[in-house]
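What follows draws every value from the coordinates through simple rules; no lab data is involved. Remember, predicted model here, so these are calculated numbers, not experimental data. So basically every Cβ, Gly included, is an ideal-geometry build from the backbone, and we count neighbours across all protein chains shown.
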């Protein structure tokens, strides 16, 4: 699913020149705080047995907090795809973009 998500939205970076990857610091500041909270939530749910990952459907690489690599990638790729999609839409429909300074 992550590969399909990348294919489905990351092409906007090239085709529409949305510039999300050129502003990677902004992306990190947008994605990292929320992703961190959800990863901590995942870690808690895993430790309590409320949440698990089917080892037969994983790459087998487990990172810190006993969270699989795919889950880390999910919390990076999906928000970036959403940002690229929003930027793509507002590139094609500039009148939908609100002024960044609230004017």
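What length, rounded to one decimal in nm, is gained on full extension from residue 93 through to residue 62, with 0.36 nm per residue of separation minus their alpha-carbon distance?
Values: separation 31, 0.36 × 31 = 11.16 nm, distance 4.14 nm.
Gain on stretching residue 93 to residue 62: 7.0 nm.
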(request) Compute the length gained on full extension between residue 6 and residue 44: take 0.36 nm times their separation in residues and subtract their Cα-Cα distance, giving the result in nm to one decimal. (result) 10.9 nm
(request) Give me the Debye-computed log₁₀ of I(q)/I(0) at q = 0.21, 0.23 Å⁻¹ for the chain, equal point scatterers on Cα only, no solvent, two decimals. (result) -1.11, -1.23
(message) Using a Gaussian network model on the chain with a 10 Å cutoff between Cα atoms, which of 15, 43, 81 fluctuates the most?
(response) 15
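For the pair residue 82 and residue 21, what calculated FRET efficiency results from E = 1/(1 + (r/R0)^6), where r is the Cβ-Cβ distance and R0 = 22 Å, to the nearest 0.05?
Calculated transfer efficiency: 0.95.
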